[in-house]
Amino acid sequence: MCDTYRKAVDCMSDLTQRLEIVTPEKKVFSDEITFVIAPGAEGELGILPRHAALITPLKIGLIKFDHEGNRIIMTVSGGFMEVRDSKVTILATAVERLDEIDIERAEAAKMRAEQRLAAKTPDIDVVRAEAALKRALNRLNAKR
Ligand code: ATP
């Protein structure tokens, strides 16, 4: 009987589901996994095999799963996740594995966004600058 969250993961550990992660630029990942966590628009979602079908927008955050004995963590900058028939499809605007994150680039993006937000001039698109700042902070925090 799977009566706790942890036990649920253990009980299902022999079952797998397909995870596909795609960006406009490339197919990032495609293989069988047991459990994936993604930043759903209304909170973090953990998906086990046989999960009910769903489609949700994704926020800026982290995707986490185990693959071939390694815990994989990727930053994601938003997109959509579809779960159906034990297949999880993540269509992301941008995804980086931790080793792909360029810290200097993220620091520069953070500084640009902060300067734009501090300037408070009418030509600044505040929503865009805030989103850029969140993406940069997400990348920097993931590396810490
Ligand atoms: P920048 O202003 O530096 O381009 P951004 O947040 O606007 O940052 P995105 O539009 O989210 O960048 O991503 C564009 C592409 O660049 C994507 O392929 C993304 O994976 C990659 N990318 C962005 N920032 C970094 C980073 N710090 N390290 C590695 N790849 C990055």
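Only the coordinates and a few stated rules stand behind these numbers; no lab work does. Quick caveat: nothing in here was measured; it's all calculated off a predicted structure. Glycine also receives a Cβ, built like all others from the backbone with ideal geometry; neighbour counts cover every protein chain displayed.
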Final fewest-first order of VAL36, VAL95 on the 10 Å Cβ neighbour count is VAL95, VAL36
Checked the stretch 43-144 against the a/c 1.5 cut and the a/b vs b/c comparison, axes a ≥ b ≥ c from its Cα gyration tensor; verdict oblate
Taking Cα atoms only, helix 103-119 is inclined relative to the longest principal axis of the chain by an angle, in degrees rounded to 10, of 50 degrees
Cross-link reach from LYS87 to lysines, straight Cα distance under 25 Å and at least 8 residues apart if same chain, gives LYS7, LYS26, LYS27, LYS59, LYS64
For the chain, longest principal axis from Cα atoms; helix 126-143 axis from its Cα atoms; angle between them, nearest 10 degrees, is 60 degrees
Helix-only [θ] at 222 nm, the chain, -39500 (n - 2.57) per DSSP H run of 4+, per residue, nearest 500, equals -9500 deg cm²/dmol
Per-residue Cβ contact counts at 10 Å, fewest first, order VAL83, VAL76 as VAL83, VAL76
Correct semi-axes for the stretch 16-98, from √(5λ) of the alpha-carbon gyration tensor and rounded to whole Å with the largest first, are 16, 15, 12
Most exposed to least, judged by fewest other Cβ atoms within 10 Å, PHE65, PHE80, PHE29 sort to PHE80, PHE29, PHE65
For LYS120, the aspartates and glutamates lying under 19 Å Cα to Cα, once residues fewer than eight places off in the same chain are dropped, come out as GLU130
